[in-house]
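One structure below.
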Amino acid sequence: MDIIKYTKEVLNHIEEIDDIVDSYFEPIKDLTDTAEDIFTPLKIVHSLYTFNRKRKFKSFLKYYALSLKNRDFQKNDNDQLFKYLKNEKNYNFIYDTIDSAINSKSIYGSRILAYFAGIILSEKRDLTFREIIILESLRELNDFELSLFVKVYSVVDLSKTVSIQDYPNQLHNELMYEMMITKMVNLRVFKSAPILGSGRPKASFDSTEIAEDIYFLIEEMDIKNALLKY
């Protein structure tokens, strides 16, 4: 099955992808449609859940294909790709990336993971702890947190310890940024800011190559402005 060729052409077959995804979820839809009226609230919640998963699945296919297209991935690269996936570590990582994209807390996180999967496959990249942290963090971040992350990286000086307090005109609501930074530190995307004589400044952190990798992915995918407006 020439999955690479198909996914590269997915941008020209969006309606076909919609049909495939819709048919995947159709048996569950039929089951809920036969329920009694007493289950109407459950059906509504289920419909929202199903719609969100479908949306992420479609989004995954689109950005995965876009990633391969941007790297001019060729049909004759398939043999090398299959060899790459015969390594259980590589196969498991790609599987986890796809699963995380479809089940992520963020629609934008899902798109970034899809694009990231395309990069890993096209480059047949040797996996390190760095790729694992990117995968785990994008699965856990929601759209609002990703938006705050992009707003910070669009204005701050990353060559030194970042303190939100230094940017009162650009970055408002310090508490929101402090919560986002705490989560990023826990996910190992940011490093904790050093403790000064007066203590560790609130809403502060040191940047990392992992955080910058994620930001560059967002820029390359051309979704930065959408996240800034979120």
Seminar exercise, completed: Only one of (1) assigned by TED's automatic domain parsing to the domain that holds Leu81; (2) farther than 21 Å from Leu217 by Cα; (3) not charged (D, E, K, R) does not apply to Asn173, and that is (1)
Problem set entry | Leu148 being in contact with a Leu (Cβ under 6 Å, 6 or more places away or on another chain) and buried (at least 19 other Cβ atoms within 10 Å of the Cβ) | no
For this session: Determine which member of the set Ser110, Ser137 is surrounded by 16 or more Cβ atoms within 10 Å (Cβ to Cβ), within 16 Å of Ile218 (Cα to Cα) and modelled with pLDDT of 95 or more.
Result: Ser137
Problem set entry | Entirely in the range 73-147, the helices (runs of 4 or more DSSP H) that have 1 or more residues that are closer than 26 Å to Lys224 by Cβ and in contact (Cβ under 8 Å) with a residue 40 or more places away in the chain | 88-103, 107-123, 129-140
Exercise. Any residue in the range 191-206 that is assigned to a loop (DSSP other than H, G, I, E, B), surrounded by fewer than 19 Cβ atoms within 10 Å (Cβ to Cβ) and of a type in the set (S, T, N, Q)?
Worked result: yes
Seminar exercise, completed: Screening Ser147, Ser122, Ser154 for residues that are over 20 Å from Glu209 (Cβ atoms), out of contact with any strand residue (DSSP E or B) (no Cβ under 9 Å at 6 or more places or on another chain) and modelled with pLDDT of 95 or more leaves only Ser147
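The values are calculated or read from the model by the stated rules, or taken from the named source; none is laboratory data. What you are looking at is a predicted structure, and each value in this text was computed from that prediction instead of being measured. Cβ: placed from backbone, ideal geometry, glycine included. Neighbour counts: every protein chain shown.
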